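Novice: Please find one structure pasted underneath; my questions will follow.
The values are calculated or read from the model by the stated rules, or taken from the named source; none is laboratory data. Everything numeric in this text was worked out from a predicted model, so none of it was measured. Neighbour counts are summed over all protein chains in view; Cβ atoms, including those assigned to glycine, are modelled from backbone coordinates with ideal geometry.
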Amino acid sequence: MHASLIAATAALGGLLFGYDTGVISGALLFLREAFQLSPFMQGVVTSIALAGAAFGAAFAGDLADRFGRRPVILATALIFVLGSIVSALAPSLTVLLIGRLLVGFGIGVSSMLSPLYLAETAPAETRGAMVSLNQLMITVGIVVSYLVGYAFASSGGWRWMLGLGALPGFVLAGGMLALPESPRWLAGHGHIADARVALKALRGSYERADEIDAELAQMQTDLAREGRVERKGAQVSVFSPSVRMPLIVGVGLAAFQQVTGINTVIYFAPTIFQAAGLSSASASILATAGVGAVNVLMTLVAIRLIDVVGRRVLLLVGMAGMAASLFALAGAFMIASGSGLVGWLTAASLTAYVAFFAIGLGPVFWLLISEIFPMAVRGRGMSMATVANWAFNLLVALTFLSIVSALGQSAAFLIYGVLTIGAFAFTWRLVPETKGRSLEDIQAAWGQGAAAPAE
Ligand code: BGC
């Protein structure tokens, strides 16, 4: 199978992620009527999937370290299909909540296992682009969910909106049956012959046998070097000193990816636009679709750049741009809203904000957490960062509307802007460059205490 087809299949996990986090805002309008939901229960229906995702991510790493990446992704795709069908057919609110919890669980697991699998199967030189395909699929999933929401809005078809998520789940399950296990996981568990077969399946079409042997030999040497750590600590804990720095970077970036406010836009864009004076529903929808499209396009730009200019540059430029756009947004809301001009000014700064997120913090966070942990704890380390990401996602989703009603839109975006400056300082100080280096080499650099950028 061709490498890009393999990557595209594995990245379908991202499509599930994007589709199901985006679809609920459209479906909610109809669920509200169908189940007579109070505002509180609307919050519960929306956020139960986020809580399920945090829960799923907590288990995913350990399961994937033990049983391998492939069977866990496969099982998750099936859980996802089940959750989508249960949600679509739900005869009562309780069943709907169970369905959404299952879907959330599936999103949580695949949000970390798709990048992990992609990182472990990609060659070092193109790893950034391959792993970021997952983020591209997330952004495509969000746009598709907006379109599906729009298409079924007139018929009130919330069951279709929720049920259609089963489709990519089916394709992912089928695709994973055809894909090999991660050769790094196999080699790390002593299955060298199987690792060679897997590597051949991944690289076969364009690499010679001796190149495959060389890559495998390098992988084994590196894993053996890393294995010293494994034996010394008997079982390496995610809290052991050698894992401390990657954990601080991973969890720190996870928190910053969310507390800088991206999902206030992804989940509430139409509300924000209406508050800014784009009163007609069609102007709001147009602006929201524009934001979704910019998110996709700028992620494509990031994919082109990520293995060339590196991760740090994209993160730092992206964060600087996000902070500037957030301050512009806060300023736009400070000018008395209501006029069309302010509305479009808001739309422009919001779009710039999403563009800067898409070029940096969006793809680079998921990429870095798939790169910075040692093999022995990669699954568990990524799990912790991913749980933190979903937990902060939930926190922002639950608090945004209250912050706005207590302090106003302007103050809310000011807070996210200040937090983005914190994210910039954190990245500047602690995030290493990982471009073009093997996963094992990145690990060795942490061992030597290299938290600073190293090329
Ligand atoms: C984030 C999501 C966000 C999405 C937007 C992802 O990297 O983890 O929370 O909704 O990007 O594109």
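Novice: When you scan segment 127-135, do you find a residue that is of a type in the set (G, A, S) and closer than 19 Å to S84 by Cβ, even just one?
Specialist: no
Novice: For segment 222-257, name all the residues that are at pLDDT 65 or above, out of contact with any Leu (no Cβ under 9 Å at 6 or more places or on another chain) and surrounded by fewer than 17 Cβ atoms within 10 Å (Cβ to Cβ).
Specialist: Within segment 222-257, A224, R225, S237, S240, P241, R244 meet the criteria.
Novice: Report, by residue number, each residue of segment 35-66 that is over 19 Å from L398 (Cβ atoms) and loosely packed, with under 15 Cβ neighbours inside 10 Å.
Specialist: Within segment 35-66, Q36, D62, R66 meet the criteria.
Novice: Ok, one more. Condition first: surrounded by fewer than 24 Cβ atoms within 10 Å (Cβ to Cβ) and over 28 Å from L367 (Cβ atoms). Now tell me which residues in segment 258-277 satisfy that.
Specialist: P270, T271, Q274, A275, G277
Novice: How do the helices (runs of 4 or more DSSP H) wholly within segment 60-176 filter down when requiring 3 or more residues that are aromatic (F, W, Y) and either modelled with pLDDT under 90 or out of contact with any Leu (no Cβ under 6 Å at 6 or more places or on another chain) (or both): which remain? Let's see the steps before the verdict.
Specialist: Working: elements: 69-89, 93-121, 127-153, 158-163.
The qualifying helices (runs of 4 or more DSSP H) are 127-153.
Novice: Right, here's the next one. Looking only at residues that are surrounded by 23 or more Cβ atoms within 10 Å (Cβ to Cβ) and away from the ligand (no atom under 16 Å from the Cβ) in segment 10-30, which one is farthest from L118 (Cα to Cα)?
Specialist: A27
Novice: I'd like the residue in segment 118-145 that is away from the ligand (no atom under 12 Å from the Cβ) and among the hydroxyl-bearing types (S, T, Y) and, out of all such residues, is surrounded by the fewest Cβ atoms within 10 Å (Cβ to Cβ).
Specialist: It comes out as T126.
Novice: If you go through segment 260-272 one residue at a time, how many are part of a helix (DSSP H, G or I) and within 11 Å of the ligand (Cβ to nearest atom)? Steps first, please.
Specialist: First pass over segment 260-272, keeping only residues part of a helix (DSSP H, G or I): 262-272.
Pick out the ones that are also within 11 Å of the ligand (Cβ to nearest atom) and you get 262-267.
Matching residues across segment 260-272 total 6.
Novice: Could you list all residues from segment 128-173 that are hydrophobic (A, V, I, L, M, F, W, C) and farther than 21 Å from Y267 by Cβ?
Specialist: The first filter runs over segment 128-173 and keeps only residues hydrophobic (A, V, I, L, M, F, W, C), leaving 129-131, 133, 136-138, 140, 142-144, 147-148, 151-153, 158, 160-162, 164, 166-167, 170-173.
Across segment 128-173, the qualifying residues are A129, M130, V131, L133, A166, L167, F170, V171, L172, A173.
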